[in-house]
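Here's the structure, in structure tokens; my notes come after.
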Ligand code: SF4
């Protein structure tokens, strides 16, 4: 096995593998840092990433008890102000629903699968008095992806799976049934249209088989099996493109977001065009 001892799988590493085996190999086995930008224009990309990080930080502070007025005074960017205003106006019912029992912000869960560890960092989980649990994930993308695409994301499979397998401490040690779990993707740029993805036993079983299969497959591969993706369009947004001789210039930031919004029939496993995970734009990495 090429993976280092104690390798921990996350949605990012698994998604990288599904998108391009070569990228997984370069990033997680060779640990190769490559000095390239993911998208152009660089400054706009960086600014946008920072705003996403700031939004996540502000929401976390707010959920930790810092008064909204104090946080509002820190906003000096029009786009961030819009997101923050939408959060304050439209997300309060989501984060403080009737019958809320407990709220957990920014926490990590992990479990073992196929002798490896799986790990996920959650933005927020809401435990309801009736036993339901809502996973909330803040998505600061400028375009909203189609639902089918979101449902196929590794995140949509891994987060509910891990919550059922390893989240008992959130509910006083009781086992969590898949039917108790739902996931909400909430977009501050699109406050009226959150995506709610329900979970159930069938999805849990399929998710377990899918994740096990992926991990098993990765463990069995030799160096030569980590081939480059045949979807060359993804390479424009991947930092390794010059190493792979798949171009020098980064793809355009706006175009990748357009692609995201227009993709009506997402292909299995497509999450990011190359290394540029545009759904994670501006979100806190871990
Ligand atoms: S440039 Fe293309 S082939 Fe190379 S690692 Fe990135 S996505 Fe894979």
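Estimated from the Cβ-Cβ distance and a Förster radius of 45 angstrom, the FRET efficiency linking residue 70 and residue 110 is about 0.85.
Pull out a ≥ b ≥ c, the square roots of the eigenvalues of the alpha-carbon gyration tensor of segment 8-280, then state rounded if a/c is under 1.5, prolate if not and a/b is larger than b/c, and oblate in the remaining case. Oblate, since a/c reaches 1.5 and b/c is not below a/b. Across segment 8-280, the relative contact order, built from alpha-carbon pairs under 8 Å that are at least six residues apart, equals 26 percent. For segment 77-155, what D do you get in µm² per second when you plug the Kirkwood radius from alpha-carbon pairs into Stokes-Einstein at 4 °C and 1.567 mPa s? The Stokes-Einstein estimate is 86 µm²/s.
Rule-based calculations on the coordinates, nothing more; no lab input. This structure is a prediction, so every number in the text was calculated from the model and none was measured. Here the Cβ is made from the backbone with ideal geometry for all residues, glycine too, and neighbour counts use every protein chain on show.
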